[in-house]
1. Once you place label points 7 Å from the Cα toward the Cβ at residue 55 and residue 275, how far apart are they in nm?
2. Tell me which lysines have Cα within less than 29 Å of residue 304's Cα, excluding those fewer than 8 residues away on the same chain?
3. Based on alpha-carbon centroids, what's the gap between the range 251-319 and the range 116-185 in Å, whole number please?
4. To make sure I understand the rule: partners must be aspartates and glutamates, Cα under 18 Å from the Cα of residue 400, and not fewer than 8 residues away in the same chain. Which ones qualify?
5. Taking a cut-off of 27 Å between Cα atoms, list the lysines near residue 182, but don't count ones fewer than 8 places away on the same chain.
6. Ignoring ligands, DNA and RNA, please state the percent of accessible area on the range 132-268 from carbon and sulfur, probe 1.4 Å.
7. Spin-label point model (7 Å from Cα, Cβ direction): what's the residue 440 to residue 226 distance in nm?
8. If R₀ is 25 angstrom, what is the calculated FRET efficiency for the pair residue 424 and residue 90, using the beta carbon separation as r and rounding to 0.05?
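The values are calculated or read from the model by the stated rules, or taken from the named source; none is laboratory data. The structure displayed is predicted, hence computed values, not measured ones. Please note: Cβ atoms are built from the backbone with ideal geometry, for glycine as well, and neighbour counts cover all protein chains shown. Please note that ligands, DNA and RNA were not included when accessible areas were found on the heavy atoms of the full protein model with its side chains. Shrake-Rupley method; radii C 1.70, N 1.55, O 1.52, S 1.80 Å.
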Amino acid sequence: MPLHMGKVWAWNEQRPLHLASRQKAASAQLLFVARETGVWVERMPRTQSFFLNDVQVRYGAWINPGDEIRLGAFRLLLLGEAERLPTAPRMIPFVEMEERLEEALLAPGQNTPPLLFLVSVPYLHMPTRMSFQKRLMHEVLSWQLPAFWATLAWNVLACFIPEAPVQHTEERMRRLTEVAGKRARVAWACFPEDGMSATALLDSAWVKLGKVDALLEPVLENASMVRLAGMLHELRKAPGPLLVWGGEGQGRAWLLSSWFEGMPYVEYPAMALLEKEPQGPAVLIRSFDKLPPERQRFLLGRAKAAKLRLGATAGGPFEEAKHFPWTFHMPPLAQRPEDIWPLAQAVVASVKRKTNRPRLSLGEGLRERLEAYGFPRGVGELKNWVVQAAVASLRDEMGKEALPAALTADEAPGGYEEQMAAAEYGILLESLARARWNVSAAAKRLGLPRRTLVFRMAKLGFRRPHH
């Protein structure tokens with residue numbers, strides 16, 4: 001790529017290109033990843049978008065020889081491709097992974113949609129665990145695709161691939177499952193089949209991993225939501241069609257599922273019905289407003305002719321919404337904080353069944369923290385946070401130490417007793433892990449009588465993890 005005075009440079013993952021200018025509007029970072037068939041240019045988080053051949057790009061794109069990149073006052077021309085150097089897998093915080101996933105979903109490629117997968121790591125001592133993790137990462141690295149890894153809990157890894165060719169997805173996931181082995185579980189979620197938002201994709205992956213039920217019973221305390229649920233219950237005999245609209249992830253499909261009153265129904269994302277017909281006598285279509293108007297009218301016509309029982313969700317009012325006999329608005333979770341705690345308890349009840357931890361519970365001190373956060377991205381975000389905390393918690397009573405950092409970042413350190421308990425918890429956990437949960441060996445390592453260690457473990461709520 002030529003810079004000032006015709007100077008040519010080469011960049012790769014080990015040597016990211018940093019562009020800076022005295023003009024703040026032109027300051028940004030780009031990351032270039034050389035590949036055999038092209039070069040992936042990516043805008044780093046919290047920076048401005050760039051232009052590729054005068055087309056604005058918000059996240060990233062493939063560039064080829066002859067393409068021009070414009071970023072503020074800078075213009076870069078790709079002349080050729082340097083030899084690709086071996087690259088190491090990238091680990092990033094999970095919050096950053098969510099941001100990248102949301103950006104990738106804004107304009108996904110038709111044949112290369114984003115892919116998210118979770119790996120449930122078996123209980124292993126530290127050297128074996130690191131070897132297992134390295135084996136997984138190098139398998140994904142061999143796919144020659146940009147990929148980002150994050151740790152969700154002590155035994156759950158997440159990987160996000162911004163652009164995954166559809167034709168190879170099942171084959172690659174099958175290969176990854178073989179590499180992980182029989183003791184590990186692998187679950188993946190693709191756009192748009194499993195969801196059209198980061199929250200929905202993660203929710204789907206948790207369900208496939210076997211950590212939580214696909215649908216939770218509606219548990220409502222907010223007065224307006226109780227009235228809304230009552231209206232849907234009264235309409236359970238109505239043939240429909242029926243529409244619930246509101247923000248993404250606020251629980252629209254979750255609430256609408258009660259309208260079907262036990263009738264088997266098939267759930268579809270709107271993008272899956274662009275060409276094929278829905279199967280079954282009853283369907284729930286997510287993001288109905290994303291369908292072309294002629295497709296909306298066709299499905300509404302079938303529903304009104306009693307050929308289809310149709311329940312739909314939408315992000316907001318749209319032209320064809322006037323043809324629905326019944327339309328309801330789903331208020332965001334942030335406006336109904338009374339529902340947060342019972343919903344969180346319902347999620348924990350589901351995790352208890354799925355993970356065989358009958359004593360798992362939310363510590364009472366978490367209620368104020370959860371309600372204060374408000375979960376702006378809705379029920380799906382709440383569900384994902386609680387599942388993540390439940391999986392991460394080694395104690396049956398989940399404390400704030402199990403919550404993701406976003407929920408505890410602004411919290412001041414506790415008092416002396418609380419900090420001492422936290423320090424002791426960390427010391428005992430490390431010793432038990434190094435001894436592979438052999439209590440006698442851990443007690444010997446710490447120089448304590450075995451009965452003393454058993455007493456301290458019981459006081460701090462330790463519970464041996466399942467193999």
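1. 2.1 nm
2. Reachable lysines: 237, 276, 290, 322.
3. 34 Å
4. 364, 368, 371, 381, 410, 411, 417, 418, 424
5. Filter leaves 134, 208, 211, 352, 354.
6. Ligands and nucleic acids excluded, carbon and sulfur give 54 percent.
7. For the pair residue 440/residue 226, the computed spacing is 5.7 nm.
8. 0.15
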